[in-house]
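The values are calculated or read from the model by the stated rules, or taken from the named source; none is laboratory data. Because the structure is predicted, anything quoted here is derived from the model rather than measured. Cβ placement follows ideal geometry from the backbone for every residue including glycine, while neighbour counts extend to all protein chains displayed. The area values use the complete protein model at the heavy-atom level, side chains included, leaving out ligands, DNA and RNA. Shrake-Rupley method; radii C 1.70, N 1.55, O 1.52, S 1.80 Å.
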Amino acid sequence: MQAPLNRRQGLGLGLGLGLSSAGAALAGPVWTQDAGTLEGVRRGSYRSRDRDLGALVATPTVTDGPMSGAALVLLHGAGGIRRDFGNFYGNARRLAAQGYTVVMPDYFGDIDGGRGSNDPERWADAVRDAALWTATLRGVDPARVGAMGYSRGGYLAGEVAVREAGIRAVVGVCSAGNVAARRMVRKPPVLLIYAADDPVVPAVRTRRWANVLERAGITVETHVIDVRRHGFFEGEWADIFERSDDFLRRSMT
């Protein structure tokens, strides 16, 4: 069941501040409304292990867009959904205008304050279950569910996708992975976008992950952004999402 996200909840998520994860640049403000709901985003919930987790869902605004029927599971970084939603909101809405259903799961369990779990295995299960839940949403083709994650979320997107069914293509931003090639049972195409001099996830780590994926027979594309930080400004995020959209269109047709 989904309910509108009200203004108080939106402000609590840091939407007006454009917050990003530790070490990241700030995107522009996204909250300008004085009252009412945050346009185009609704709250939902799904079950993972023994708990209910929240998710923010940007629903398609067209029924005949080029990506109608496709869905994207969009994963926050280590700072949690409160920090990264400010960077995701406008871009998620632009994807929704192309027909995507965009699901932003709270895999930490901290959407309403606190952190539900500090266990990386539970996070991975929460991402897997979010993808499975996304595939059941109205209008979503289960064969066209992709995953995109920033920082910790990028790690989880790739690691879950190569071990579990249900994710057709992956975009990792400022991330890498820790799964051995011999343990990869799925081969979704992967796009890795990373900073040339990232102080949190060094570029060499991302390139090493790309090599592991390729040894497993996975198609990998990379794009380097010439900055010395772990995050991006508003225009840079827009470019990242445009590149990701292009990749997903080619990978999920």
Can you report the number of residues in segment 210-235 which are buried (at least 17 other Cβ atoms within 10 Å of the Cβ) and in a helix (DSSP H, G or I)?
4
If we ask which residues in segment 189-209 are crowded, with 21+ Cβ neighbours inside 10 Å and closer than 24 Å to residue 145 by Cα, their number turns out to be 7
What are the pairs, 6+ residues apart or on separate chains, where a residue within segment 73-99 that is of a type in the set (Val, Ile, Thr) has its Cβ under 6 Å from a residue that is buried (at least 21 other Cβ atoms within 10 Å of the Cβ)?
73/103; 73/130; 73/131; 73/134; 73/147; 81/106; 81/111
Among the residues of segment 244-251, is any open to solvent by less than 10 Å² (accessible area, probe 1.4 Å), polar (S, T, N, Q), touching a residue at least 60 places away in the same chain (Cβ under 8 Å) and part of a helix (DSSP H, G or I)?
yes
Tell me yes or no: at least one residue of segment 95-106 is over 11 Å from the mean Cα position of the chain (by Cα), in a helix (DSSP H, G or I) and at pLDDT below 95.
no
What's the total number of residues in segment 34-86 that are out of contact with any Asp or Glu (no Cβ under 8 Å at 6 or more places or on another chain) and among the aromatic types (Phe, Trp, Tyr)?
1
If you scan segment 207-228, which residues turn out to be touching an Asp or Glu at 6+ places or on another chain (Cβ under 8 Å) and not hydrophobic (A, V, I, L, M, F, W, C)?
228
Selection count where residues are over 19 Å from residue 117 (Cβ atoms), in contact with a Lys or Arg (Cβ under 7 Å, 6 or more places away or on another chain) and either in a loop (DSSP other than H, G, I, E, B) or open to solvent by 10 Å² or more (accessible area, probe 1.4 Å) (or both), scope segment 35-81
8
From the list 106, 119, 110, 84, which residue is of a type in the set (Asp, Glu) and open to solvent by 20 Å² or more (accessible area, probe 1.4 Å)?
119
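One residue is enough: does segment 127-137 have a residue meeting the conditions in a helix (DSSP H, G or I) and aromatic (Phe, Trp, Tyr)?
Our first condition is that a residue be in a helix (DSSP H, G or I); within segment 127-137, this holds for 127-134.
Keeping just the survivors that are aromatic (Phe, Trp, Tyr) gives 133.
Scanning segment 127-137, I find at least one residue that is in a helix (DSSP H, G or I) and aromatic (Phe, Trp, Tyr), so the answer is yes.
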Which of the residues belonging to segment 129-179 are within 13 Å of the chain's Cα centre (by Cα) and surrounded by fewer than 21 Cβ atoms within 10 Å (Cβ to Cβ)?
none
